[in-house]
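Student: Take this structure, written in structure tokens, and hold onto it; I'll ask about it next.
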Amino acid sequence: MILRMMVLVVAAALCPWPAEAQVTVPPGSACVHDIRPGPGVTSTKMLSVWAPALAYTPGDTQVYMLDGKEPGGTVFVAGGTHGNEIAGIVAAIVLVEHARIQKGRLIVVPHANNSAITDVDPERPGPSSIVVNTPAGDRTFRYGSRRTKASHQGAPDPTKYIHPNPKSTEELPGTEARNLNRAYPGVADGTLTQRIAWGIMRLLLIENVDVAFDFHEAGPESRLA
Ligand SMILES: [Zn+2]
């Protein structure tokens with residue numbers, strides 16, 4: 001009980017909402033969340049393991065490794081590319097807390113853009129968090145923005161943003177420079193959004209990921225729906 005209380009105090013020092021820290025995160029760096037790894041989790045790391053330029057930044061984020069007993073393929077799942085798409089975040093958290101791997105390996109990043117979760121989306125403002133009542137008490141899940149927080153980016157938004165894919169000629173609003181979904185393959189020492197994208201790409205390559213899922217969602221009023 002004492003250990004649990006200490007963990008809660010550490011988490012409260014890092015984030016403006018109650019959370020249970022499961023990873024030792026240096027003060028002043030990434031936010032941690034109410035994620036309670038299940039027995040399937042064999043190790044927990046930070047994305048900065050694959051992208052050192054993310055260490056001690058709000059873009060660093062927890063990476064959960066679930067190794068099966070037998071060899072097999074590697075599957076990667078990311079939630080939270082967009083911090084206001086809470087279903088993908090919670091689906092990834094459900095995997096961290098409940099998945100059991102028999103063969104191969106599952107790697108889960110519930111908050112791909114951990115900066116976006118700390119901001120309010122100016123175009124689609126929502127609640128700062130949602131609370132789910134569970135037998136273990138209330139669980140609080142942060143609800144954020146579609147993009148990296150402007151003050152975290154390390155560079156002003158350009159007037160127009162062109163997707164880094166050389167085949168793309170689409171001209172986007174400058175704010176899209178902070179959209180992780182428009183930043184791949186990323187830049188090792190670029191803006192915070194570029195560094196996050198680069199870190200995820202490095203993880204996919206170094207860990208020999210066979211299949212990667214990036215969880216998104218759309219409201220019923222969206223053109224995507
Ligand atoms: Zn999305």
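The values are calculated or read from the model by the stated rules, or taken from the named source; none is laboratory data. These numbers were taken from a predicted model, which means no experiment stands behind them. Don't worry about glycine lacking a Cβ; one is built from the backbone with ideal geometry, like all the others, and counts go over all protein chains shown. Surface accessibility is based on the protein's heavy atoms, side chains included, excluding ligands, DNA and RNA. Shrake-Rupley method; radii C 1.70, N 1.55, O 1.52, S 1.80 Å.
Student: So which pairs qualify, if the first residue must be in the stretch 42-53 and within 25 Å of His98 (Cβ to Cβ), the second must be assigned to a strand (DSSP E or B) and open to solvent by 30 Å² or more (accessible area, probe 1.4 Å), the Cβ gap must be under 6 Å, and the two must be at least 6 apart or on different chains?
Tutor: Thr42/Asp67
Student: Taking Pro122 as the residue in question, decide whether it is at pLDDT 95 or above and either open to solvent by 70 Å² or more (accessible area, probe 1.4 Å) or on the phi > 0 side of the Ramachandran plot (or both). First the steps, then the outcome.
Tutor: On the way: at pLDDT 95 or above: no; either open to solvent by 70 Å² or more (accessible area, probe 1.4 Å) or on the phi > 0 side of the Ramachandran plot (or both): yes.
Against the criterion (at pLDDT 95 or above and either open to solvent by 70 Å² or more (accessible area, probe 1.4 Å) or on the phi > 0 side of the Ramachandran plot (or both)), Pro122 does not qualify.
Student: Still on this structure, please answer the following. Among the residues of the stretch 130-138, are any open to solvent by less than 20 Å² (accessible area, probe 1.4 Å) and either more than 17 Å from Val32 (Cα to Cα) or within 15 Å of the ligand (Cβ to nearest atom) (or both)?
Tutor: To start, the set of residues in the stretch 130-138 that are open to solvent by less than 20 Å² (accessible area, probe 1.4 Å) comprises none.
Scanning the stretch 130-138 turns up no residue that is open to solvent by less than 20 Å² (accessible area, probe 1.4 Å) and either more than 17 Å from Val32 (Cα to Cα) or within 15 Å of the ligand (Cβ to nearest atom) (or both).
Student: Between a residue in the stretch 138-159 that is without any contact (Cβ under 8 Å) to a residue 24 or more places away in the chain and any residue that is among the β-branched types (Val, Ile, Thr) and open to solvent by 20 Å² or more (accessible area, probe 1.4 Å), which pairs come within a Cβ distance under 9 Å, given they are 6 or more apart or on different chains?
Tutor: Asp138/Val131; Asp138/Val132; Asp157/Thr175
Student: While we're looking at this one, here's another question. Got a number for residues in the stretch 54-89 being among the acidic types (Asp, Glu) and free of Cβ contacts under 8 Å to residues at least 40 places away in the same chain? First the steps, then the outcome.
Tutor: Taking the stretch 54-89 as the starting set, the residues that turn out to be among the acidic types (Asp, Glu) are 60, 67, 70, 85.
Those still in the list that are free of Cβ contacts under 8 Å to residues at least 40 places away in the same chain too: 67, 70.
Count: 2.
Student: Output yes when any residue across the stretch 120-128 is aliphatic (A, V, I, L, M) and within 16 Å of the ligand (Cβ to nearest atom), and no when none is. Even if it seems obvious, please write down each step before you answer.
Tutor: Taking the stretch 120-128 as the starting set, the residues that turn out to be aliphatic (A, V, I, L, M) are 120.
Of the ones still in play, those that are also within 16 Å of the ligand (Cβ to nearest atom) are none.
Scanning the stretch 120-128 turns up no residue that is aliphatic (A, V, I, L, M) and within 16 Å of the ligand (Cβ to nearest atom).
Student: Report the residue count in the stretch 62-108 for those that are in contact with a Gly (Cβ under 9 Å, 6 or more places away or on another chain), of a type in the set (S, T, N, Q) and away from the ligand (no atom under 16 Å from the Cβ).
Tutor: 2
Student: While we're here: Taking Pro164 as meeting all but one of (1) of a type outside the set (A, V, I, L, M, F, W, C); (2) within 15 Å of the ligand (Cβ to nearest atom); (3) open to solvent by 30 Å² or more (accessible area, probe 1.4 Å), write down the number of the exception.
Tutor: Of the numbered conditions (1) of a type outside the set (A, V, I, L, M, F, W, C); (2) within 15 Å of the ligand (Cβ to nearest atom); (3) open to solvent by 30 Å² or more (accessible area, probe 1.4 Å), the odd one out for Pro164 is (2).
Student: Would you tally the residues in the stretch 167-183 being free of Cβ contacts under 8 Å to residues at least 24 places away in the same chain and open to solvent by less than 50 Å² (accessible area, probe 1.4 Å)? It would help to see each step written out before you state the result.
Tutor: The first filter runs over the stretch 167-183 and keeps only residues free of Cβ contacts under 8 Å to residues at least 24 places away in the same chain, leaving 167-174, 182-183.
Retained after the next criterion (residues that are open to solvent by less than 50 Å² (accessible area, probe 1.4 Å)): 168, 172, 174, 183.
Residues flagged as free of Cβ contacts under 8 Å to residues at least 24 places away in the same chain and open to solvent by less than 50 Å² (accessible area, probe 1.4 Å) within the stretch 167-183 amount to 4.
So that you can scan it fast, the table gives a plain yes or no per residue for (1) open to solvent by 60 Å² or more (accessible area, probe 1.4 Å); (2) in contact with a strand residue (DSSP E or B) (Cβ under 9 Å, 6 or more places away or on another chain); (3) over 24 Å from Ala55 (Cβ atoms); (4) within 16 Å of the ligand (Cβ to nearest atom):
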site	(1), (2), (3), (4)
Lys160	yes, yes, yes, no
Pro185	yes, no, no, no
Thr193	no, no, no, yes
Leu203	no, yes, no, no
Leu224	yes, no, yes, yes
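Student: Would you mind stating whether Ala87 is more than 10 Å from the chain's Cα centre (by Cα), modelled with pLDDT of 95 or more and surrounded by fewer than 21 Cβ atoms within 10 Å (Cβ to Cβ)?
Tutor: On the way: more than 10 Å from the chain's Cα centre (by Cα): yes; modelled with pLDDT of 95 or more: no; surrounded by fewer than 21 Cβ atoms within 10 Å (Cβ to Cβ): yes.
So Ala87 fails the test.
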